[in-house]
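The values are calculated or read from the model by the stated rules, or taken from the named source; none is laboratory data. Just so we're clear, the structure is a prediction, and the values are computed from it rather than from any experiment. Cβ placement follows ideal geometry from the backbone for every residue including glycine, while neighbour counts extend to all protein chains displayed.
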Amino acid sequence: MRRVLIIGATSAIAQATARLLAADGDALFLAARDRERLQSVADDLRVRYQVQTETSVLDVTDYTAHEGLVDQVTTTLGGLDTVLIAHGTLPDQKACQLSSGETRREIEVNALSVISLLTPLANHFEQQGHGTLAVISSVAGDRGRQSNYVYGCAKAAVTVFLGGLRNRLHSAGVQVLTIKPGFVDTPMTREFRKGALWASPEKIAEGIHRAIVKRKDVVYLPGFWRLVMRMIREIPEPVFKRLNL
Amino acid sequence: MKKYYQSWGRYPRAEQEVVRLWSRHDPFPLDRIDGKTALPRGNGRSYGDSCLNDGGMLIDVRGLDRLIDFDPETGILRCEAGVLLADILKFAVPQGWFVPATPGTRLITVGGAIANDVHGKAHHQDGTFGRHVRCFELLRSDGSRYLCTPQENSDWYRATIGGLGLTGLILWAEIALKRIGSPYIDSETVKCTNLDEFFSVSADSDQDYEYTVAWLDCTARGPRLGRALFSRGNHVNTVPDKLPRIPGRRLSVPIEPPITLVNSLSLRAFNKLYYARQREHRRREIVHYEPFFYPLDAILEWNRIYGPRGFFQYQCVLPGNDGRSAVREVLERITASGEGSFLAVMKIFGDLDSPGILSFPQSGVTLAIDFPNRGRRTLSLLDQLDEVVRAAGGRVYPAKDARMSAESFDHYYPQWRELLPYTDPILSSSFWRRVTGVAA
Ligand SMILES: Cc1cc2nc3c(=O)[nH]c(=O)nc-3n(C[C@H](O)[C@H](O)[C@H](O)COP(=O)(O)OP(=O)(O)OC[C@H]3O[C@@H](n4cnc5c(N)ncnc54)[C@H](O)[C@@H]3O)c2cc1C
Ligand SMILES: NC(=O)c1ccc[n+]([C@@H]2O[C@H](COP(=O)([O-])OP(=O)(O)OC[C@H]3O[C@@H](n4cnc5c(N)ncnc54)[C@H](OP(=O)(O)O)[C@@H]3O)[C@@H](O)[C@H]2O)c1
């Protein structure tokens with residue numbers, strides 16, 4: 001049994017992952033900003049799997065709450081073995097181009113809040129000498145594209161931060177998992193046309209669960225994105241800058 | 001947002017935009033429907049066009065998939081409307097509870113089960129699914145919410161059960177599950193050499209068996225007309241010592257063949273073999289509930305075998321004593337046509353009332369038969385069947401229908417206008433426009 005903290009627990013991908021963890025018998029501490037929906041997610045897990053589910057309302061940009069979170073979780077669950085950070089927003093790229101305020105807000109939710117949360121969490125895990133820090137980044141962080149580079153830049157920051165953290169915590173025996181999903185059919189992408197490249201949150205959750213169990217470092221989900229992104233990264237900048245991506 | 005959603009029969013084709021709902025606390029997505037009509041959408045296991053809304057929107061509610069509360073003492077479950085019966089079984093069976101009135105697939109949503117007031121092998125004892133629904137919440141496009149029970153807002157309750165998704169969005173429901181002793185079924189398959197035998201075995205079984213249904217050989221003619229394998233069973237109360245195999249990995253039909261694989265040759269061969277496979281007159285065995293209730297769920301996307309033109313299912317009920325001669329006539333017409341398919345089932349419904357205004361089941365015998373779509377040939381056969389069913393005072397099941405005429409619908413469900421005060425002004429379906437002539 002793991003004792004798991006999920007931040008952004010009402011996210012579709014997080015919910016699907018929580019079910020797989022609860023099916024393993026894990027105890028869950030769920031944090032999200034919408035009280036009603038957070039409660040409905042917690043009830044589902046408790047009724048379905050008869051596991052311990054605790055909740056705490058959290059807006060991730062409320063930084064004063066970050067430091068105390070570890071204590072809050074370890075006291076209620078009796079410890080903390082695994083963390084999944086799943087919150088995020090998909091910026092309106094055009095709106096960001098017109099407003100630096102909008103751009104800063106998006107970077108804040110998608111990058112700064114994550115980095116701030118990871119700071120006390122990393123220290124906790126380093127000290128206890130075991131555990132898993134799993135964070136959802138994105139394939140979008142692998143290269144800047146005109147259609148989505150504010151989001152991409154925030155995810156790139158998270159990816160690089162996690163790379164450094166993994167390097168630092170490896171000797172402490174802590175797993176740091178960078179999760180890079182491709183297109184996923186969730187509320188975040190409700191306005192998009194869905195095609196063959198799209199995956200369900202359940203499918204992504206299976207990949208996350210597997211990666212946690214197998215103590216992976218970086219996963220692309222579904223796996224074919226690793227190849228796609230490698231090709232995209234290989235395109236020379238003089239060519240890339242001319243593409244409509 | 002545009003997505004190609006089909007119905008299970010893959011006929012007719014329809015195009016619609018899809019809006020997904022993710023939380024029961026979300027408002028009605030009126031802002032994203034912009035002036036079109038919309039239709040709630042469950043898991044798309046309806047065969048015809050009652051889950052399609054050509055030219056309009058679908059509101060996909062499968063994201064409402066949370067369990068809300070469960071009392072393991074009383075078996076009362078509250079869950080969101082997009083929860084699949086399969087999910088309920090997964091968590092409830094180990095605790096000794098089962099889905100009442102379960103249909104022949106567990107891959108349907110609770111909302112879909114209510115909106116078609118579905119029935120199953122237990123109809124003669126348990127009635128329809130709606131009878132086990134204690135309450136639900138309905139969200140209308142004007143934002144109003146109704147808590148519906150047999151007592152409170154009982155008119156909305158009756159309109160929404162079997163209401164074809166037209167009265168509003170069902171957000172969640174409370175269902176009384178059924179107590180079981182184990183996941184296993186003590187089942188018996190009895191060979192019936194003709195229709196009369198089917199009726200007599202059925203009459204003998206109704207009292208002692210909670211589950212009954214017959215697989216019908218719709219190629220057998222003359223003295224063998226209506227020959228069938230009659231299956232009946234009860235839940236086993238104690239877990240057997242030697243456990244039967246639980247079905248493992250699922251098969252799937254990976255591609256769509258260019259033409260239907262079901263033709264009169266393959267059909268005759270299959271039906272002969274299937275019927276002959278059982279040598280003895282009766283075979284008794286303990287089986288897991290999955291193959292007993294949901295044999296087709298073991299083959300994912302089996303609907304593809306009918307090729308790109310899709311297929312029809314025709315399900316009718318023929319009431320009372322006239323039932324027998326009408327069934328004979330229906331079967332004669334089918335065998336004479338050489339159409340029909342592997343999937344043909346027959347069952348006697350009980351006389352328990354169905355709660356919905358438009359619920360399909362009524363006391364009598366029901367027949368459900370698949371037909372590959374061969375265009376006009378198939379359509380005219382089905383029209384002929386309608387004549388027989390109409391003359392016998394029966395009805396055809398909307399959940400399976402893609403072609404009945406407005407006139408036939410009016411015959412089968414003369415009460416349909418009672419639904420009109422409860423239909424939501426935004427909601428409509430391809431089926432509803434077709435059978436009522438109500439414009440989009
Ligand atoms: C292999 C197989 C076997 C079957 N066996 C049986 C059987 O034995 N008995 C039987 O009765 N049926 C049977 N069916 C039919 C099936 O049970 C019904 O068509 C069922 O209603 C499908 O549910 P769904 O979730 O797929 O809903 P859909 O097919 O997507 O929708 C069905 C209807 O429900 C409405 N709806 C769905 N969700 C909501 C909601 N939240 N609020 C309001 N309206 C909603 C839709 O608008 C539509 O009118 C079978 C189907 C298959 C494929
Ligand atoms: N969907 C994709 O295609 C895709 C692809 C790659 C990566 N991802 C990443 O996957 C993760 C999960 O997203 P999803 O696809 O599951 O979408 P989702 O269901 O929309 O989840 C996003 C979650 O983030 C929460 N959130 C946003 N701002 C918050 C804040 N300030 N405080 C607390 N919570 C906040 C949202 O809460 P509310 O519900 O209360 O708004 C929501 O629960 C995100 O990190 C996303 O960037 C998604």
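What to note about this one:
- Tally, over segment B:20-74, of residues that are more than 24 Å from B:R134 (Cβ to Cβ), within 14 Å of chain A (Cβ to nearest Cβ) and not charged (D, E, K, R): 7
- Search result, residues across segment B:75-93 that are without any contact (Cβ under 8 Å) to a residue 40 or more places away in the chain and either assigned to a strand (DSSP E or B) or more than 18 Å from the chain's Cα centre (by Cα) (or both): B:K90, B:F91
- Restricting segment B:384-409 to residues that are of a type in the set (D, E) and more than 21 Å from the chain's Cα centre (by Cα) leaves a set whose member that is nearest to B:S264 (Cα to Cα) is B:E387.
- For segment A:163-205, a residue qualifies if it is within 13 Å of ligand 2 (Cβ to nearest atom), in contact (Cβ under 8 Å) with a residue 40 or more places away in the chain and within 17 Å of A:K216 (Cβ to Cβ), and the qualifying residues are A:T178, A:I179, A:K180, A:P181, A:G182, A:I204, A:A205.
- Qualifying helices (runs of 4 or more DSSP H) (wholly inside segment B:103-166; at least 3 residues being within 12 Å of ligand 1 (Cβ to nearest atom), small (G, A, S) and more than 14 Å from chain A (Cβ to nearest Cβ)): B:110-115
- Scan segment A:14-27 for residues that are out of contact with any helix residue (DSSP H, G or I) (no Cβ under 6 Å at 6 or more places or on another chain) and either within 8 Å of ligand 2 (Cβ to nearest atom) or away from chain B (no Cβ under 13 Å) (or both) and the total you get is 5.
- A:V57 meets the conditions (1) of a type outside the set (S, T, Y); (2) more than 14 Å from chain B (Cβ to nearest Cβ); (3) crowded, with 20+ Cβ neighbours inside 10 Å in every case but one. The failed one is (3).
- Count - residues of segment B:318-377 that are hydrophobic (A, V, I, L, M, F, W, C), under 20 Å from B:L265 (Cβ atoms) and assigned to a loop (DSSP other than H, G, I, E, B): 2
- Counting the residues of segment A:28-45 that are crowded, with 18+ Cβ neighbours inside 10 Å and either within 14 Å of another protein chain (Cβ to nearest Cβ) or of a type in the set (S, T, Y) (or both) gives 11.
- Failed item in (1) modelled with pLDDT under 95; (2) at negative phi; (3) out of contact with any Lys or Arg (no Cβ under 6 Å at 6 or more places or on another chain), with B:N53 passing the rest: (1)
- Residue that is more than 17 Å from the chain's Cα centre (by Cα), away from every other protein chain (no Cβ under 14 Å) and of a type in the set (V, I, T), where the choices are A:I212, A:I232, A:I208: A:I232
- Among residues of segment A:39-60 being of a type in the set (D, E) and not in a strand (DSSP E or B), the one that is nearest to ligand 2 (Cβ to nearest atom) is A:D59.
- Residue selected from segment B:167-177 under the condition closer than 25 Å to B:Y413 by Cα and part of a loop (DSSP other than H, G, I, E, B), by the criterion nearest to ligand 2 (Cβ to nearest atom): B:G168
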